[in-house]
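Peer 1: One structure, pasted below without further comment.
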Amino acid sequence: MSPRLRRALGLLSIVALVAGASQTAGGYSTLGSTWPAGTVTMHLSLSGGSGLSDGSASYNAAVSSAMSIWNQSLSRIQFAAGSSTSRGDGDSINQVFFDSTLYGDAFDRDTLAITTEWTLRRTQRVEADIIFNSAYRWDSYRGNVRSGNVWDIRRVALHELGHALGLDHPDENGQSVSAQMNSILGNLDSLTADDIAGAQSLYGSGVTSNITFPPRNEPNAFYQSLLALYRDELRASNSPTYVDAEGTVIWLTEYARQRVGQCSHATATTNTLNQITSNGGSLVCATTPSGAIAFPPRNEGLLFMNELNNTYRDSLRRSLTSSVVDNEGAVVWVLEYLRYRLNNCNHGDATSKVLQQIRTGVIAATCTA
Amino acid sequence: MQRVSWLALLCSLLMTGVARSTTVIPPTFESLVSTANTIFVGEVMDVRSDWVNTRQGRAIKTRVTFKVEDVWKGTSGTVTQLEFLGGTVGEMTMKVHGMPEFHEGQRSVLFVSPNVRTASPLVGFWHGRLRIERDLNGVDRVRTHDGRSLSTPTELGNNRPSYMLSLTPMRLSDFASAVRGRVRGERAR
């Protein structure tokens, strides 16, 4: 990479940092797999639990209550309680129970509960078991976490059921939000708007984007200019890739559209790759708020690009090829072009501003409406 | 999966009565170093998943073979294996939420628990794995298990939002010095 390009990318990281900050306003994370539409039966065999603080008749009743809370936010699937008491893994039956081990392996000493997830072809959920660590004392109560080593089974169930749905920890995916799905158990005893938005992104109906992206030929034309600059001015050498130029532009644009449509990195990646492999729909997670349109940080764009390469290699069986624009350059400059376009610049201005930024390292202002 | 730190809970209750937040934190740098039986830098040579019979049916386990580049605490051969619950066999994937996943060629710093018969053999389940990446200048740098930039060891366990972190992770060599210094300090006590 030339010093000039490195300087330009370095300066752009400042923009990425700001963009990254704006992404933290909201942002559940998903695991990339979902249940088919219908009923997801969880067989509850949590023995005991009389005299629980919140009046629940049993531990099973408390967990059933957590399932009902999630159900209020789900459209395409619903949890239902089953009563099978068998305990088996890898049997396509969803079981919830207490145990002192995790299928014979010890629990980590700090682990309250675990959810195992079974998926077919990594995308379709076929089983989820939730195992509560019997080494702990359990109750069911609202409010702050109590002292005395007594844990609220309902809020832990809310969290584990979120994993069973396909939600990840937002705080471990670059987000800073109030969420029951955060990795750290706290005094929050209910679902938050972010948890619900996450569930609805997987099992809700989705929304049509309220943002108009440029027609496909224009980002493609920009990319041709970018290729020429890398080849003729930067004299960049070829870098290996499985994604051709058109695929790079189309799918980076779709990833950006999902992100602008309030999808987290993981959800945007899943939604975009589903379009490639299974003709998934093009709905986004939520309407974009008015004002300046924030873009994802470049590290997340690069993670998406890596996944896109893997999909082209493994699912589409594309051969290795090469491009003078490496993956990082493609991500940074295509997203930068789109950022200008969505912030009132026409194709010519956006192209000019990005190419000039590469040449000089100076980040031009966006355009005014 | 949610985890709880007893020390954090105790501290939060003592400091603020019934605390609103921070009842749980991931392991700190000090805790990772002191709890680990072995700390090494390894490159993944091989990842193999197989069905195993358990007392409650069957499960998938993944054996990860590492080429050991450097050992910072304890002892290890030049090649070592760790076994994790979960993995993919054919079209079926079993995943334990939060379990670290490894791919051939990846380099990591690994804090191995004294009890390797747990679902994850690493200290703090997934927290005992730090990622190594080589920057454009060929310098090895360190990121947390979930890819966050690590600029100082004390950021481990802080769980700070990513936008507050430096974009440039610390050098692996600096992190090694910090770990080794901590190990020497433990021995001195």
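Peer 1: With a sphere of radius 15 Å drawn around the Cβ of A:A57, what net charge do the other residues whose Cβ falls strictly inside it have (Lys, Arg +1; Asp, Glu -1)?
Peer 2: That works out to -1.
Peer 1: Gaussian network model of chain A, Cα springs within a sub-10 Å range: biggest mean-square fluctuation belongs to which of A:R341, A:R313, A:R259?
Peer 2: A:R313
Peer 1: In nm, to one decimal, how far is the modelled label at A:L320 from the one at B:T154, with both set 7 Å along Cα→Cβ?
Peer 2: With each label placed 7 Å out from Cα toward Cβ, I get 4.5 nm.
Peer 1: So which residue, out of A:G82, A:G291, A:G348, gets the largest mean-square fluctuation from a GNM of chain A using Cα contacts under 10 Å as springs?
Peer 2: Of A:G82, A:G291, A:G348, the most mobile in the Gaussian network model is A:G291.
Peer 1: Neighbouring Cβ atoms within 10 Å as the yardstick, rank A:S86, A:S201, B:S34 fewest first.
Peer 2: Exposure proxy ranking, most exposed first: A:S86, B:S34, A:S201.
Peer 1: List the residues of the stretch B:47-85 whose backbone N lies under 19 Å from a point placed 7 Å from the Cα of B:E91 along the Cα-to-Cβ direction.
Peer 2: It comes to B:50-51, B:60, nothing else.
Peer 1: Most fluctuating residue of A:P36, A:P219, A:P296 in a GNM of chain A with Cα springs under 10 Å: which is it?
Peer 2: So, out of A:P36, A:P219, A:P296, the one fluctuating most is A:P36.
Peer 1: When DSSP assigns beta bridges and you keep just the ones with both residues in the protein assembly as shown, what percent turn out antiparallel, to the nearest 5? Mind dumping the intermediate values first?
Peer 2: Details: 64 of 84 bridges.
That works out to approximately 75 percent antiparallel.
Peer 1: Say R0 is 51 Å: what FRET efficiency, to the nearest 0.05, do A:A221 and B:V139 get from their beta-carbon distance? Intermediate results must be reported in sequence, preceding the final value.
Peer 2: On the way: r = 37 Å, r/R0 = 0.73.
Plugging the Cβ-Cβ distance into 1/(1 + (r/R0)^6) gives 0.85.
Peer 1: To continue, here is another question. Decide, for the protein assembly as shown, between rounded, prolate and oblate: order the square roots of the alpha carbon gyration tensor eigenvalues as a ≥ b ≥ c, take rounded if a/c falls under 1.5, and otherwise choose prolate if a/b is larger than b/c, else oblate.
Peer 2: prolate
Peer 1: Using Cβ contacts closer than 10 Å as the measure, can you line up B:H127, A:H265, A:H43 from fewest to most?
Peer 2: Values: B:H127 27, A:H265 24, A:H43 19.
Final ranking by Cβ density, sparse to dense: A:H43, A:H265, B:H127.
Peer 1: Filter chain A for me: DSSP H helices, axial length by Cα at least 20 angstrom, mean Kyte-Doolittle hydropathy not below -0.5. List them by residue number.
Peer 2: Details: long enough: A:3-23 (29 Å, 0.86); A:245-260 (22 Å, -0.20); A:298-314 (24 Å, -1.16); A:327-342 (22 Å, 0.15).
Qualifying helices, which must be both long enough and hydrophobic enough, are A:3-23, A:245-260, A:327-342.
Peer 1: Give me the lysines in straight-line cross-link reach of B:K61: C-alpha distance below 20 Å, same-chain residues under 8 apart excluded.
Peer 2: Candidates past the 8-residue exclusion: B:K95.
Peer 1: Just to be sure I understand the model, the point goes 7 Å from the Cα along the line to the Cβ. What's the resulting A:N306 to B:R63 distance in nm?
Peer 2: The answer from the label model is 2.7 nm.
Peer 1: Within 10 Å, count the other beta carbons around each residue, average over each peptide in B:135-145, A:151-161, and list them highest first. Please list the in-between numbers first.
Peer 2: Numbers: B:135-145: 15.3, A:151-161: 25.9.
Ranking the peptides B:135-145, A:151-161 by packing returns A:151-161, B:135-145.
Just so you know, all these numbers are worked out from the coordinates, no wet-lab data involved. These figures come from a predicted structure and were not determined experimentally. Note that we place each Cβ from the backbone using ideal geometry, even for glycine, and neighbour counts take in every protein chain shown.
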